[in-house]
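Structure first, commentary second.
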Amino acid sequence: MKNMMKTCHEMLVEIKAATGLGEIALAKRLDISQPTVNRILNKQVDCKGTTLMAILRLHEEIFSGGSVDSQAASDDAQPPTGERDSSGEDGQGGQ
């Protein structure tokens, strides 16, 4: 794989920049904790093998034509409860 020369930090920074996902959404997507995501992003820790493989898989998915599912991409972009969206709906699903 071509990403083997990149560090987990470099790949995670690229994923974050390309997707706009925040640390919590990245953590959910990678099945790791948010503090671990933060430490990797801040070069405070090397990641363990399972974390590296999860980051590598997500990096490949994003940069080889795959797509980030809409739920994960929207995890950090939820409007406050009760706020109307651009269609005039309140997002509550009721009448």
Residue among VAL45, VAL37 that alone is outside any helix (DSSP H, G or I) and surrounded by 14 or more Cβ atoms within 10 Å (Cβ to Cβ): VAL45
Selection count where residues are within 19 Å of GLY65 (Cβ to Cβ) and either in a helix (DSSP H, G or I) or aliphatic (A, V, I, L, M) (or both), scope the range 17-34: 5
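For every residue, the table says whether it meets (1) of a type outside the set (A, V, I, L, M); (2) modelled with pLDDT under 95.
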| site | (1), (2) |
| --- | --- |
| LYS6 | yes, yes |
| ARG39 | yes, no |
| HIS59 | yes, no |
| VAL68 | no, yes |
| GLY82 | yes, yes |
Per-region count, the range 20-43, residues touching a Leu at 6+ places or on another chain (Cβ under 8 Å) and of a type in the set (Val, Ile, Thr): 2
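The values are calculated or read from the model by the stated rules, or taken from the named source; none is laboratory data. Please read all numbers here as calculations on a predicted model, not as lab measurements. Note: ideal-geometry Cβ built from the backbone for every residue, glycine included; neighbour counts use all protein chains shown.
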